[in-house]
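Structure first, then comments.
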Amino acid sequence: MTEFSDLNLDPKVLQAVAEAGYTTPTPIQAGAIPEALAGRDVLGIAQTGTGKTASFTLPMIQLLSQGRARARMPRSLVLCPTRELAAQVAENFDMYAKYTKLTKALLIGGVSFKDQEAMIDRGVDVLIATPGRLLDHFERGKLLLTGVQIMVVDEADRMLDMGFIPDIERIFQLTPFTRQTLFFSATMAPEIERITNTFLSAPARIEVARAATTNQNITQGVVLFKGSNKEREPSEKRAVLRALIDGEGEALTNAIIFCNRKLDVDVVAKSLKKYGYNAEPLHGDLDQSQRMRTLDGFRDGSVKFLVASDVAARGLDIPSVSHVFNFDVPSHAEDYVHRIGRTGRAGRKGSTLMICVPRDEKNLAAIETLVQQEIPRVENPLKDMPAVPKSRSERNAKRADAPATTAAEGKSSEGKQVERSRRRKPRREEAVAAPQADAPQDVAQAAPKTADTTAHDDRRTREDRAPREERAPREERRPREDRRNRDDRHDALGNGGWGDDMPDFIRYSFAERRKKA
């Protein structure tokens, strides 16, 4: 069996590794460390929880032991997709490099620029950063990457697959062509591997397990759940989650609960707190200090349930996680491998359970295709719960679909409506067209009026409805003014009634009209 002492590591590094409690390297460490010490590019593929961080940290410490850091010019660069993973790499570096004089700087969001600039100005050997914050410092003119000798991309598939490709390409262009490049990831899709070929030169491929495999120490299960209706499904789904937690009993010491959306993270955490569970949320919208406090609390046991988005799915090394619950089926099949990899680490046993609603069955099939195994189905713990009362909208919808019958007549509501329509009063046109029963004979025999005439008669004034003999003769009525009379009356006023306040532009228009007339 290979020991760390067989990997040609420096005695100071071996001493730090021994004090950390490690004596035997993992397969990825045994394969990658010698190649990295030889100066070759490395493409390491291994399932999560197998010690990939030490695979590049240990050789980096030894390769950088000779030389001196210069201000604003780091000698090595480690890129990480999330702040938490970058902070974890920094902790590992401090642990393994404590007997050396190497310095480091951590560039992540949520931390003051001035503190980070002060560290860079002093000169650092190792720069651990997220791509966004690294480029922010470079654009400010506070950082030069021309002195980078070793470049590491941790969780390479995530960095290249989740929108970091433009930033990664730009960072590579800012570093020397002669750099040594190390790529490490748990999954490596063929299209992502083609992209890595442009960044690595004749790499040593270290693949200790089939890509996208799950740890054999992890017991998996999935609950197929269907809510009573769309409105109540979220609350019922949270009830299933609580039942699954309670069903694990004393075997559950702590757990990470993954959700697809940040909003659901907050809702699930709040719901668990409401029912007495010690839970805290963790996602990218939280303040960095709060995120670190939550992680520290989960590590030391003061927080039992960590409700998180995929920000906690990559690279976080919390060895004693007993359970992982997938409240949502991951949208990307590779994320399932990373999520459940938070448990069953360092040879421990772990359990993972997932809740799948009907709309997520396609994602479940994609996961089973990726891991090349069927995830065992687990019985719904709430299958015997009483039927959930239907919502008001559902009851109304069902009542509208089913025809209601009356006890007296046994007719449907639709039939009653047809019968009422037959008994309706005749329309106005029909009433006018039909002769009145009590009308005089000569009027009844007169030609019926049309609908237009009837409508006109309905619009006549009260004076018009008066008997004709009571009306004033037409010649005595006031004659209707025509347009000429109105124009003459308007001209008689001289200025249209404005008086002395008439604007000039209107006065000119009237003058022109009089000339044309």
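Brief remarks on what is shown
- Yes/no for LYS226 being surrounded by fewer than 15 Cβ atoms within 10 Å (Cβ to Cβ), within 27 Å of ASP360 (Cα to Cα) and not β-branched (Val, Ile, Thr): yes
- Index of the failed condition, PHE93 passing every other in (1) touching a residue at least 60 places away in the same chain (Cβ under 8 Å); (2) crowded, with 20+ Cβ neighbours inside 10 Å: (1)
- Within the range 18-72, the residues that satisfy the criterion of being part of a strand (DSSP E or B) and either modelled with pLDDT of 90 or more or closer than 21 Å to ALA90 by Cβ (or both) are VAL42, LEU43, GLY44, ARG70.
- Test result for ASP167, in contact (Cβ under 8 Å) with a residue 24 or more places away in the chain, assigned by TED's automatic domain parsing to the domain that holds GLN88, acidic (Asp, Glu) and in contact with a strand residue (DSSP E or B) (Cβ under 8 Å, 6 or more places away or on another chain): no
- Within the range 114-133, being touching a residue at least 40 places away in the same chain (Cβ under 8 Å) and either under 27 Å from the mean Cα position of the chain (by Cα) or farther than 12 Å from ARG70 by Cα (or both) holds for LEU127, ILE128, ALA129, THR130, PRO131.
- Once the range 306-320 is narrowed to residues that are crowded, with 24+ Cβ neighbours inside 10 Å and not basic (Lys, Arg), the residue that is modelled with the lowest pLDDT is GLY315.
- Considering the range 18-49, and only residues there that are crowded, with 21+ Cβ neighbours inside 10 Å and out of contact with any strand residue (DSSP E or B) (no Cβ under 7 Å at 6 or more places or on another chain), the residue that is farthest from ASN217 (Cα to Cα) turns out to be ILE33.
- Any chance THR2 is in a loop (DSSP other than H, G, I, E, B) and over 41 Å from the mean Cα position of the chain (by Cα): yes
- Near pairs, Cβ below 8 angstrom, 6+ apart or cross-chain, from the range 231-254 (touching a residue at least 24 places away in the same chain (Cβ under 8 Å) and in a helix (DSSP H, G or I)) to any residue that is surrounded by 16 or more Cβ atoms within 10 Å (Cβ to Cβ) and of a type in the set (Ser, Thr, Tyr): ARG238/SER271; ARG242/TYR277; ILE245/TYR277; GLU248/SER351; ALA251/SER322; ALA251/SER351
- The range 28-60: number of residues that are within 22 Å of LEU370 (Cα to Cα) and in contact with a Ser or Thr (Cβ under 7 Å, 6 or more places away or on another chain): 6
- Any strands (runs of 3 or more DSSP E) falling wholly within the range 262-342 and containing at least 1 residues that are over 26 Å from THR214 (Cβ atoms) and of a type in the set (D, E, K, R): 279-282
- Condition check for VAL268: in contact with a Lys or Arg (Cβ under 9 Å, 6 or more places away or on another chain), modelled with pLDDT of 95 or more and buried (at least 19 other Cβ atoms within 10 Å of the Cβ): yes
- Top-ranked residue of the range 141-177 - restricted to ones that are in a loop (DSSP other than H, G, I, E, B) and within 31 Å of the chain's Cα centre (by Cα), ranked as nearest to MET60 (Cα to Cα): GLU155
- The range 178-206, residues that are of a type in the set (Ser, Thr, Tyr) and not in a loop (DSSP other than H, G, I, E, B): THR181, SER185, THR196
- PHE138 vs. criteria in the same structural domain as GLN66 (by TED's automatic domain parsing) and under 21 Å from ARG40 (Cα atoms): no
- Just one of the listed residues (PRO386, PRO403) is farther than 24 Å from LYS237 by Cβ and either modelled with pLDDT of 95 or more or not assigned by TED's automatic domain parsing to the domain that holds VAL307 (or both), namely PRO403.
- Scanning the range 96-140 for residues that are of a type in the set (Ser, Thr, Tyr), part of a loop (DSSP other than H, G, I, E, B) and crowded, with 19+ Cβ neighbours inside 10 Å returns a single hit, THR130.
For (1) at pLDDT 90 or above; (2) among the β-branched types (Val, Ile, Thr); (3) under 21 Å from PHE305 (Cα atoms); (4) touching a Ser or Thr at 6+ places or on another chain (Cβ under 6 Å), each residue gets a yes or a no:
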{"residue": "VAL324", "(1), (2), (3), (4)": "yes, yes, yes, yes"}
{"residue": "HIS332", "(1), (2), (3), (4)": "no, no, no, no"}
{"residue": "TYR336", "(1), (2), (3), (4)": "yes, no, yes, no"}
{"residue": "SER351", "(1), (2), (3), (4)": "yes, no, yes, yes"}
{"residue": "CYS356", "(1), (2), (3), (4)": "yes, no, yes, no"}
{"residue": "ALA366", "(1), (2), (3), (4)": "yes, no, no, no"}
{"residue": "ARG377", "(1), (2), (3), (4)": "yes, no, no, no"}
{"residue": "LYS390", "(1), (2), (3), (4)": "no, no, no, no"}
{"residue": "SER393", "(1), (2), (3), (4)": "no, no, no, no"}
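The values are calculated or read from the model by the stated rules, or taken from the named source; none is laboratory data. Because the structure is a prediction, the values reported are computed rather than measured. Please note: Cβ atoms are built from the backbone with ideal geometry, for glycine as well, and neighbour counts cover all protein chains shown.
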